[in-house]
Amino acid sequence: MKPQIRRQLDELSQRTGKEYGKLVQKLLAIAFLESGAEHLVESSIQGIDLQVRLAGIDHAFEVKTSEGADITLGKKDLEGMTGHTRQGHAVYVATLTSGLFTNWIFARFHPGELPPAKKLSAFQLRPYRCRDLEARITAAFDSAVEHHAELAITDGQRGLDQVLSTYPKRHLA
């Protein structure tokens, strides 16, 4: 991730507080749409966060952000991901933590391998990484942050929802 993008994300986090995770999720949705997603369903309320069809393959993403190096995966998260695995989706934990050298980690989910934990180090997800998917989204995410971070700060989720509504391949859960 470019240093200026990291700085914009840090400012977004400081200025939006608890809303930060949902804003990052919406920026990630924009990035997927910009990088060629054929279909995207974004859920801001309940269930898996993003369902994305890429190259004819259905993916499901549980998006996790944190200000440190740890994330939390609850029982409900694991149940939702397991359900999507049973439906034949490629399921991932999409993790963006804070730090100088932070980038997205897209860790492939396999039922039963990750316990529900109050704190799970992003480092523990590294063996499950999908580097191709991470590479695909990096430039598009940087662009989404560069173009829409200020809107996210001023108008929050509503502002990013307006941006997302301009994409015909985006649907709400």
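The values are calculated or read from the model by the stated rules, or taken from the named source; none is laboratory data. These numbers come from a predicted model, not from an experiment. Ideal geometry is used to build each Cβ from the backbone, glycine not excepted, and the neighbour counts take in all protein chains shown.
Summed over the stretch 1-22, the residues that are farther than 16 Å from residue 140 by Cβ and among the hydrophobic types (A, V, I, L, M, F, W, C) give a count of 1. If the condition is being more than 16 Å from the chain's Cα centre (by Cα) and polar (S, T, N, Q), then the stretch 51-90 contributes 82, 85, 87.
Quick one: in the stretch 14-24, of everything that is surrounded by 13 or more Cβ atoms within 10 Å (Cβ to Cβ) and more than 15 Å from the chain's Cα centre (by Cα), which residue is nearest to residue 156 (Cα to Cα)? That would be 16.
The conditions of being more than 16 Å from residue 54 (Cα to Cα) and not hydrophobic (A, V, I, L, M, F, W, C) are not met by residue 134.
Taken over the stretch 96-136, the criterion of being touching a Leu at 6+ places or on another chain (Cβ under 6 Å) and under 20 Å from residue 7 (Cα atoms) is satisfied by 104, 105.
Against the list (1) touching an Asp or Glu at 6+ places or on another chain (Cβ under 6 Å); (2) at pLDDT below 95; (3) within 13 Å of residue 31 (Cα to Cα), the condition residue 119 fails is (3). Any residue at all in the stretch 129-144 that is crowded, with 20+ Cβ neighbours inside 10 Å, in contact with a strand residue (DSSP E or B) (Cβ under 9 Å, 6 or more places away or on another chain), assigned to a helix (DSSP H, G or I) and small (Gly, Ala, Ser)? Scanning the stretch 129-144, I find no residue that is crowded, with 20+ Cβ neighbours inside 10 Å, in contact with a strand residue (DSSP E or B) (Cβ under 9 Å, 6 or more places away or on another chain), assigned to a helix (DSSP H, G or I) and small (Gly, Ala, Ser), so the answer is no.
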